[in-house]
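Bear in mind these aren't lab numbers, they're just calculated from the coordinates by the rules spelled out. Predicted, not measured: the structure shown is a model, and the values here were computed from it. Every residue, glycine as well, gets a Cβ built from its backbone with ideal geometry; the counts of neighbours run over all protein chains shown.
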Amino acid sequence: MTHSLTGCQGELVNKDFNVHIEDQNGNVVLNKTVKSQSNGFIDLWLPRDKKYQITIEQDGKKAESELSTFEKDPTCITTLQLM
């Protein structure tokens, strides 16, 4: 999916999320608290042509997923659901 900064709106606006990302070799790429923007999205930039395991936690709920940054991969991930 291609994200439109003017047309997309996430549910959790200006909230803190604990984000942990590891590359396919188990190296930690990111492990910090990130605040969602006024559109409810978290803006993350990851190196191209790699696979990652991402864990996002907020208010006792967690979402885990694999994502990748190859040429044909989506640049906007909207399928992670905190449970």
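In table form, for the structure just shown:
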item	result
Which listed residue, of K72, K51, K61, K32, is over 16 Å from G10 (Cα atoms), in contact with a Ser or Thr (Cβ under 8 Å, 6 or more places away or on another chain) and of a type in the set (K, R)	K51
T78 touching a residue at least 60 places away in the same chain (Cβ under 8 Å) and among the β-branched types (V, I, T)	yes
Search result, residues across the range 18-73 that are charged (D, E, K, R) and on the phi > 0 side of the Ramachandran plot	D49, D59
Those residues of the range 58-83 which are closer than 16 Å to F17 by Cβ, within 11 Å of the chain's Cα centre (by Cα) and acidic (D, E), in sequence order	E64
Tabulated pairs, the range 57-69, first among the acidic types (D, E), second surrounded by fewer than 14 Cβ atoms within 10 Å (Cβ to Cβ) and part of a strand (DSSP E or B), C-beta under 6 angstrom, 6+ apart or interchain	E57/N18
Residue in the range 14-50 that is farthest from C76 (Cα to Cα), counting only those that are among the small types (G, A, S) and within 14 Å of the chain's Cα centre (by Cα)	S36
